[in-house]
Amino acid sequence: MTFELSDRVQAVPPSGIRRFFEIAEERDEVISLGVGEPDFATPWAARDAAIASLEQGKTSYTANRGKRELRESIADYVADRFDLGYDPDEEIIVTTGASEAVDLAFRAFVDPGDTVAVAQPCYISYEPGVTFAGGEVLPVPTTEEDDFRLTVEGLERAGAADADMLVICYPNNPTGAIMPAEDLEPIAEFAREHDLTVLSDEIYAELTYDGEHTSIASFEGMRERTIVFNGFSKAYAMTGLRLGYALGPADAIGAMNKIHQYTMLSAPTTPQYAALEALDTCDNDVREMVEEYDRRRQFVLSRFREIGMDVFEAKGAFYCFPEVPDGFTAEEFAEEVLREQGVAVVPGDVFGDVGEGHLRVSYATGLGDLRQALNRIEAFVEEHA
Ligand code: PLP
């Protein structure tokens, strides 16, 4: 017997990144610049807090929306860092990674046939998430000429004025683009004018190398139409602990919690203790990791330029997005540099058609490996381009 798969599941292609990991597994000594997670371990204080909670037998469910104490800490943190005011009782939900929060939002707010405008290139989960919820994705391309920032002209050109929802992610995965306040303001205005709900994935908010992050929810009239996603995976190097959160108006977070309480009950308990400690005492650890990412960012950008590959000045997250040399598609370059030189990078079109011609290169890898990987890419380019 074969299972009858739902149309929604069949509509989603397999992940484009996966094939590269399969090739990488066949080869020895591959240096991977393909991963989207910190190479640091979670700060010790946070790990200790998790261990202590286990020793004390704190292994029950928490409140559906997460431990109240943690929601209070999150409220203080986002107020302090991003000028955002959210009530810990009604306007914050702690989730199993930001991934769960993204999925909850699509399921809570998208009806079949709704149009969800998505600024691209973007994180690979949004499009499948919209499809699983029965919605239609409207790609809104961003381009290198605009530093991969979203513009009102881009939104208008794509027809986003007629969409029901807009998804943005800054600092951006995969480009490393950021949106300074002055560029975000007209986007907020557009959303208000066209009555768009905004989902703003700000999971890389701590990882900015040129000024501070601004949240679109901090603009007037935006709080009531925006859901902000954030989490502990990137800033606190806690990917495996699976903890994120969403912020939004009470009715919206209540709707997300309705799904969450039936499907997840509560986010995992042990990481909630780690997260509490992380928010309380790990600012220095975050600062040190950000400084190290910045050193690597500058190294990687300058090496690509030396090699002769154009690269946009990424200013956030831990990715850069160089152009592939003439004569290659992104996929061809990524596949050949992996087979010949053992360096894994991700073809840009995996993140939306507009990413064609680019590679996503993660610098969440030590400088030693980065140095070697860039030497290998240089050798490849010298031979073929
Ligand atoms: N959002 C973006 C933009 C990401 O890049 C990622 C992970 O790569 C996630 C969300 C998922 O984060 P989490 O580990 O909190 O589920």
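Computed quantities for the displayed model
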{"quantity": "The range 185-209 - residue that is aromatic (Phe, Trp, Tyr) and under 19 Å from the mean Cα position of the chain (by Cα) and, of those, most open to solvent (accessible area, probe 1.4 Å)", "calculated": "209"}
{"quantity": "Test: residue in the range 296-312 that is open to solvent by less than 10 Å² (accessible area, probe 1.4 Å), in contact with a Gly (Cβ under 8 Å, 6 or more places away or on another chain), within 30 Å of residue 139 (Cα to Cα) and not assigned by TED's automatic domain parsing to the domain that holds residue 236", "calculated": "no"}
{"quantity": "Residue within the range 76-94 that is on the phi > 0 side of the Ramachandran plot, buried (at least 19 other Cβ atoms within 10 Å of the Cβ) and touching a residue at least 24 places away in the same chain (Cβ under 8 Å) present", "calculated": "no"}
{"quantity": "Answer from 212, 182 - the residue that is modelled with pLDDT under 95 and either away from the ligand (no atom under 16 Å from the Cβ) or surrounded by fewer than 24 Cβ atoms within 10 Å (Cβ to Cβ) (or both)", "calculated": "212"}
{"quantity": "Enumeration of residues in the range 1-27 that are without any contact (Cβ under 8 Å) to a residue 40 or more places away in the chain and either of a type in the set (A, V, I, L, M, F, W, C) or open to solvent by less than 100 Å² (accessible area, probe 1.4 Å) (or both)", "calculated": "1, 3, 5, 6, 13, 19, 22"}
{"quantity": "Which listed residue is among the basic types (Lys, Arg), within 17 Å of residue 266 (Cα to Cα) and either under 22 Å from the mean Cα position of the chain (by Cα) or open to solvent by 60 Å² or more (accessible area, probe 1.4 Å) (or both), from 47, 71", "calculated": "71"}
{"quantity": "Test set (1) touching a Ser or Thr at 6+ places or on another chain (Cβ under 6 Å); (2) within 16 Å of the ligand (Cβ to nearest atom) - residue 241 fails condition number", "calculated": "(1)"}
{"quantity": "Pairs with Cβ under 9 Å, 6+ apart, first in the range 43-55 and among the small types (Gly, Ala, Ser), second assigned to a helix (DSSP H, G or I) and open to solvent by 80 Å² or more (accessible area, probe 1.4 Å)", "calculated": "45/280; 49/280"}
{"quantity": "Any hit, the range 94-110, residues being away from the ligand (no atom under 16 Å from the Cβ) and of a type in the set (D, E, K, R)", "calculated": "no"}
{"quantity": "So residue 171, is it open to solvent by less than 30 Å² (accessible area, probe 1.4 Å) and not small (Gly, Ala, Ser)", "calculated": "yes"}
{"quantity": "Test: residue in the range 133-143 that is crowded, with 24+ Cβ neighbours inside 10 Å, among the small types (Gly, Ala, Ser), over 30 Å from residue 280 (Cα atoms) and assigned by TED's automatic domain parsing to the domain that holds residue 245", "calculated": "no"}
{"quantity": "Residue, nearest to residue 307 (Cα to Cα), within the range 335-384, restricted to residues that are out of contact with any helix residue (DSSP H, G or I) (no Cβ under 9 Å at 6 or more places or on another chain) and open to solvent by 10 Å² or more (accessible area, probe 1.4 Å)", "calculated": "372"}
{"quantity": "Leading residue by the ranking (farthest from residue 120 (Cα to Cα)) among those in the range 219-251 that are outside any loop (DSSP other than H, G, I, E, B) and charged (D, E, K, R)", "calculated": "251"}
{"quantity": "Exclusive hit being among the small types (Gly, Ala, Ser), touching an Asp or Glu at 6+ places or on another chain (Cβ under 8 Å) and modelled with pLDDT of 95 or more, set 154, 159, 176", "calculated": "154"}
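The values are calculated or read from the model by the stated rules, or taken from the named source; none is laboratory data. Everything numeric in this text was worked out from a predicted model, so none of it was measured. A quick note on method: Cβ atoms are made from the backbone with ideal geometry, for glycine too, and the neighbour counts reach across all protein chains shown. Calculation scope for accessible area: heavy atoms of the full protein, side chains included, ligands and nucleic acids excluded. Shrake-Rupley method; radii C 1.70, N 1.55, O 1.52, S 1.80 Å.
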